[in-house]
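Comments concern the structure below.
Derivation of every value follows stated rules applied to the coordinates shown; laboratory data play no part. Note that this is a predicted model, so its numbers are computed, not measured. Positions of Cβ are backbone-derived with ideal geometry, glycine not excepted, and every protein chain shown enters the neighbour counts.
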Amino acid sequence: MARARDESSPLFAGNAAGTLRLIFYLALAMVLMVLDHRNGWLWRVRYGAAVVVEPVYRLAGLPAVGVRTLSVAFADRQRLTEQNQRLREDLLLANAKLNRMAAVAEQNQRLKELLDTQHSLELNVQLARVIGVDMGAYRYQLTLNMGARDGVKQGQPVIDAHGVMGQVKEVLPTTSVVMLVTDPAHAIPVEIERSGLRTVAYGSRDGDQLTLPNIPLAADVRVGDHLLTSGLGGRFPPGFPVGEIRSLAPSPTGMFMVAQAQPAADIDRSEDVLLLHDQAEPDGPPEPVKSMGPPSDLAPTPSATPTVPPAQTGAPAVKPPASSATQGVQP
Amino acid sequence: MSRQRLSTWWFIGTLAFALLSMLVPLPGVLEPFKPYWPALILLYWALESEDRVSLGLAFAIGLGADLLNGVVLGEQALRLCALVFIALRFRSRLRFFPMWQQTLAVLALLLNDRLLLLIVRVLAGASLPPASWWISPFVGALLWPFLFLLLDDLRARLRIQ
């Protein structure tokens with residue numbers, strides 16, 4: 001039964017060559033990890049390998065699609081009817097709201113034109129579908145079926161019907177990876193809808209909540225407050241719902257309040273998402289102040305003093321300052 | 001000759017299947033219960049046909065998995081290398097263990113694998129995972145006897161080495 005090779009090698013063999021090879025491979029893996037962690041060129045390799053990688057994603061996503069199709073195929077008639085009814089009502093409600101909003105939006109548009117601002121209420125979006133692929137990083141990522149060929153760019157905000165989901169982290173030719181707002185490495189600038197307090201919401205370690213770790217102790221924040229994107233930082237446009245505060249407690253150091261918030265978007269359940277196309281207007285520091293005042297051609301020239309007739313004689317040394325003073329007051 | 005080729009394809013097929021099942025998502029509730037398929041399949045092949053599985057193969061499979069997973073290049077390569085090395089080192093003993101002992105050994109290997117992963121992630125600056133993250137090795141160990149018997153049976157039926 002036992003092969004000849006088994007007999008030649010003792011039962012508890014410890015061969016130095018194997019250990020050496022192990023050390024070699026482990027060192028190679030570590031070098032790769034460090035280089036990749038520092039330079040992040042795994043994504044460049046992946047972009048190159050996309051020809052192989054993307055079909056695998058589609059293949060791995062098939063079971064999820066199959067389950068979805070089966071659930072529709074075998075869903076009983078009553079449930080579908082109910083769902084249809086509910087969707088109809090939602091649509092009716094949404095349309096009614098939209099009709100009311102249309103007038104307001106029109107007015108808003110005109111007022112904004114008057115104010116000469118560029119903010120617009122219109123959304124320029126692209127519908128994308130979630131591919132069910134498990135990327136293994138504790139579920140803080142989504143894979144979408146759109147990529148560089150569909151015009152997706154890194155950093156684009158991703159929303160669903162209820163709120164902000166995250167932003168595009170990496171782009172492959174026909175797929176892209178979204179970093180969710182619940183990723184512990186993600187932070188989104190938010191403001192509290194009721195009080196206008198601005199703060200930052202981080203992803204939390206548990207993976208399905210947001211943490212707001214630095215709210216001032218005296219700030220007006222309550223459980224149930226809604227969070228909106230504040231537009232600071234320029235990545236997310238202002239005014240999109242982010243979440244709702246669920247709990248509030250002083251931080252262990254006692255310097256701040258720490259709030260936990262539930263994301264507004266259906267992070268776990270969304271099948272279709274929207275990619276926002278116009279990136280947020282950069283809400284950075286204000287532009288440098290333009291020189292205000294009367295036009296420069298009205299400025300007094302040292303040679304001519306047009307307001308005062310030059311007929312008078314005497315005390316010429318006082319004249320220039322007096323004329324400039326009157327000029328300053330006139331406009 | 002064709003049997004030889006069939007057995008090679010069978011070998012490659014199981015490994016590809018393992019990589020694919022790694023990517024297939026489970027519903028949210030079941031997610032922490034998902035076993036680490038590439039490790040299980042590689043373990044099986046390391047125990048069953050030693051001459052096919054080497055550290056180089058483990059490294060290559062790991063790199064492929066990293067490329068698919070997109071976390072850090074080399075992470076799974078490191079883990080699978082360590083796993084296969086231990087399995088090959090103790091192969092003669094593991095092979096003749098009764099099934100329950102083998103299962104325990106597999107559990108130890110998978111736990112060791114998770115520990116390695118944890119070290120890598122923490123060094124890379126990730127936060128500590130939730131407690132449910134540790135369920136997966138136990139599920140993998142529970143599946144091991146069935147997987148082993150199933151693959152052995154299939155191999156016997158197909159009459160391949």
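For chain B, averaging the sequence separation of C-alpha pairs within contact (under 8 Å, six or more residues apart) and dividing by the residue count gives a relative contact order of 27 percent.
Highest first, please rank the peptides A:248-261, A:85-98 by the mean number of other Cβ atoms sitting within 10 Å of their residues. Walk me through the numbers on the way to the answer.
On the way: A:248-261: 14.6, A:85-98: 10.2.
Per-residue Cβ counts within 10 Å, averaged per peptide and sorted highest first, yield A:248-261, A:85-98.
Between the amide H of residue A:257 and those of A:215, A:217, A:251, distances stay under 5 Å, these residues lying 5 or more places away or on another chain, with hydrogens modeled in the peptide plane.
To the nearest 20 Debye, how big is the dipole of the stretch A:182-264 about its Cα centre, given +1 on the beta carbon of each Lys and Arg and -1 on that of each Asp and Glu?
It comes to approximately 120 debye.
Label sites at residue A:68 and residue A:154, each approximated as a point 7 angstrom past Cα along Cα to Cβ, lie 2.8 nm apart. Of the peptides A:266-273, A:154-161, the order by per-residue mean of other Cβ atoms within 10 Å, starting with the highest, comes out as A:154-161, A:266-273. In this rough spin-label picture, where each label sits 7 Å from Cα along the Cβ direction, the residue B:5-residue B:158 distance is 1.5 nm. Normalising the Debye intensity of chain B to I(0), with uniform scatterers on Cα atoms only, and taking log10 at q = 0.15 Å⁻¹ returns -0.82.
Mean residue ellipticity at 222 nm, helices only, chain B: -24500 deg cm²/dmol; runs of at least 4 DSSP H residues each add -39,500 (n - 2.57), and the sum is divided by the number of residues.
Considering only B:62, B:46, B:35, the residue lying farthest towards the positive end of the dipole of the stretch B:26-93 is B:46, judged by Cα position with unit charges set on Cβ. The mean number of Cβ atoms from other chains found within 10 Å of a Cβ in peptide B:77-86 is 4, as a whole number. Applying both filters, DSSP loop and at most 12 other Cβ atoms within 10 Å, to the GluC sites (Glu not before Pro) of the stretch A:122-224 gives A:122.
Of the complete DSSP H runs in chain B, those spanning 20 angstrom or more by Cα along the long axis with a mean Kyte-Doolittle score not below -1.0 are B:2-23, B:55-69, B:75-89, B:99-123, B:135-158. Taken over the C-alpha atoms, the stretch A:182-264 has Rg and Dmax values of 11.6, 33 angstrom. Average the reciprocal distances over every distinct pair of alpha-carbons in the stretch A:36-112, invert the result, and give the Kirkwood radius in Å. Across the stretch A:36-112, the inverse of the average 1/r is 17.8 Å.
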